[in-house]
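The structure appears below as structure tokens.
Each value in this text was obtained by applying a stated rule to the coordinates, not by laboratory testing. Just so we're clear, the structure is a prediction, and the values are computed from it rather than from any experiment. When we count neighbours, we look across all protein chains shown, and the Cβ atoms used for this are built from the backbone with ideal geometry, even at glycine.
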Amino acid sequence: MNSKNKTVKNKARIKKIAIACDHRGFEMKEKIIPFLKEKDYDVLDCGSYSEESSDYPDTMIKAAEEVSSGMCQRGIGICHSGIGSTIAANKVKGVRAALCQSVKEAELSRLHNDANMLILGSAFVRPKTLFPIIQKWLTTPFEGGRHERRVNKIKDYERKQRH
């Protein structure tokens with residue numbers, strides 16, 4: 001199977017995407033939702049719902065739990081730097097959140113790490129690269145092989161932890 005067929009097959013499995021932000025990511029989230037809907041994804045908006053001050057762990061953990069439970073196949077989170085949101089999302093069992101500022105990072109997060117949450121820093125992602133980053137992340141399949149062995153080590157460690 002060539003990589004183009006893998007991409008089409010991969011998109012068919014992604015039906016629902018959880019999206020979350022804090023107040024500093026609200027404007028970017030409001031641009032991303034129509035983009036995702038235009039691409040025929042169902043979107044679950046986990047907040048924040050305004051630019052009023054809010055705490056990223058509240059919304060990020062909610063979105064990550066939707067991904068962890070399987071209700072959403074992927075998640076996207078946005079805060080000012082992206083760092084706090086990445087930390088919060090990665091506390092949820094089964095979530096592999098990747099902070100990406102470039103198309104190449106988005107591609108590698110999927111190819112090598114099977115990232116199921118994309119985290120964006122609103123202060124660092126340029127408007128011209130926002131949609132290309134998301135598109136690449138959504139359409140890049142997990143490569144498997146030696147990377148699957150490594151991801152499985154993370155999953156094994158998670159299974160051993162008490163949550």
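Here are the numbers:
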{"read-out": "Hits in segment 10-40 - residues which are aromatic (Phe, Trp, Tyr) and in contact (Cβ under 8 Å) with a residue 60 or more places away in the chain", "value": "35"}
{"read-out": "Counted residues, segment 132-150 - those being assigned to a helix (DSSP H, G or I) and crowded, with 17+ Cβ neighbours inside 10 Å", "value": "6"}
{"read-out": "Some residue of segment 112-120 being closer than 19 Å to residue 42 by Cβ, β-branched (Val, Ile, Thr) and within 9 Å of the chain's Cα centre (by Cα)", "value": "no"}
{"read-out": "Residues of segment 99-129 satisfying the condition of being touching a residue at least 40 places away in the same chain (Cβ under 8 Å) and either in contact with a helix residue (DSSP H, G or I) (Cβ under 6 Å, 6 or more places away or on another chain) or not in a loop (DSSP other than H, G, I, E, B) (or both)", "value": "116, 117, 118, 119, 120, 121, 122"}
{"read-out": "Members of segment 46-70 found to be buried (at least 17 other Cβ atoms within 10 Å of the Cβ) and outside any helix (DSSP H, G or I), listed by number", "value": "46, 47, 48, 54"}
{"read-out": "Scope segment 130-161; condition under 10 Å from residue 107 (Cα atoms) and hydroxyl-bearing (Ser, Thr, Tyr); matching residues", "value": "139, 140"}
